[in-house]
Amino acid sequence: MVYEEGWYRSRYGIDELRKGNYPDWKWECQLLLKEHKVWDVVTGESKRPVKKEGQEPLMEDVLAWEEEDKKAMRIIGFTVIGELLRPVIQAKSAKEAWDELENVHAPNEKAWDEFEKLHTPNERQRQFARQFALSRQLHSCKMSSNTALKDHEREFSNIIDALRATGEAMNPREVVTPYLLSLSEEYEAFAEALFFNLSFEDTWTFDSVKGMVRVEAQRRANAITADVATSRSRPKPDPQSAKAHLAKGKKARGKKGKFTGNCYHCGVIGHIQSQCPKLIEEKKREKKSNAFSGFASAFLASSDGAADSDAWVLDIGTTSRHGRAI
C-alpha cells in the first residue's frame, strides 16, 4: 500500500509510532511531553500521592496528578498508530504505557541496527529477497484434508524459523493468524472460534495455539473411532429374518385389531358405545315401553262410555318409562 505524505502525521504534528520508526518517535514524543509539562509523570519522578504516616493525601493533590497522567496518556495514545495501540489501551498509567511500548519496539530496533551494521547493501538486498520468498511461501502453505496435522505443523514452523533467521520480527499474532488460516476445511469452525478470541487472549503464543489445535485433532480422531466402534457393534442384518418379519407384518395388517379402549356408555373395556350390549338392551326395553304406553293411552281415550260422561281421562304421556297415574 502506498501512503500519501502526512498519512502518519498525528494531531500534535509528529509522526505516529509504527513499525520501523520507534527511535525517532521516542525522541519527538519525549519533547512533546516535556513541552506539555508531563514528562515527570511518564518517567515516574512525579508519583501519585499516597497515604503517609497514617495521613491521607490531599484530594486536590491527587486530582492534579491524575489530570497530568491523563494528559500524558492522551499525548502517547494520539501519537501511536491504531494497530500498535494495545499496550497503551491496557496500561493503567502513562508510565506503564511508555515502558510497555519500549519493551515491545526497542528490541526490534536494536536487532535492525545490528543487521544494518553486519550486512552490506548487496547482502541486505539478498536478505530482503529471501524474506519476500519466505513470506510468499508462508501464505501459500495450506493443509489438505489428507495431510497429517503434525506434517503441516512441521512445514509451517520451518518457514517461521527461516523468516526469523533473516531478522524478520514477528509477534505472536502475526504467526498465529496465518497458521489458523492455513488449516484444512475440517478445522475451519474451530479456527474461526480461536481467531475471534485472540483479542481477549494476548498471552497466547504460537506454541500454545498449536497445542490447542492438537487437542482438537485428538478429539476429532476419538469421535471417528467411537463412530466406527458403534457401527461394528450393531448386529448384522439377517435376510431371512427380515423377510419373515415383513410377511408377518403384512398378515397382521390384513386383520382388524380388537378395540382396547373404554365404552363411553358403560365404561367396560373391549367394545365401543355403538356395540355396547347394555345400551342395546336398554334401547330394546325403551322401544317396548313406548309401544305399550301408546296403546294404553289410546284404549282409555276410546272408552265406550261405561264411565260417567263428565269423568276425565288422564293421559300421562310416558316416553321413556311407564309411571303410575296420580
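Data table
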{"item": "Residues located in the stretch 163-191, provided they are assigned to a loop (DSSP other than H, G, I, E, B) and over 24 Å from residue 219 (Cβ atoms)", "result": "166, 167, 168, 169, 170, 171"}
{"item": "Residue within the stretch 51-66 that is surrounded by fewer than 17 Cβ atoms within 10 Å (Cβ to Cβ), in contact (Cβ under 8 Å) with a residue 24 or more places away in the chain and either in contact with a Leu (Cβ under 9 Å, 6 or more places away or on another chain) or in a helix (DSSP H, G or I) (or both) present", "result": "yes"}
{"item": "Matching residues, the stretch 124-147, being surrounded by 12 or more Cβ atoms within 10 Å (Cβ to Cβ) and hydroxyl-bearing (Ser, Thr, Tyr)", "result": "135, 147"}
{"item": "Some residue of the stretch 22-32 being within 40 Å of the chain's Cα centre (by Cα), at pLDDT below 90 and closer than 28 Å to residue 174 by Cβ", "result": "yes"}
{"item": "Filter pass, residue 35 being outside the structural domain of residue 167 (by TED's automatic domain parsing), crowded, with 16+ Cβ neighbours inside 10 Å, farther than 26 Å from residue 168 by Cβ and at pLDDT 90 or above", "result": "no"}
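The values are calculated or read from the model by the stated rules, or taken from the named source; none is laboratory data. Small disclaimer: the values here were computed from a predicted structure and weren't measured. We place every Cβ from the backbone using ideal geometry, glycine too, and count neighbours over all the protein chains shown.
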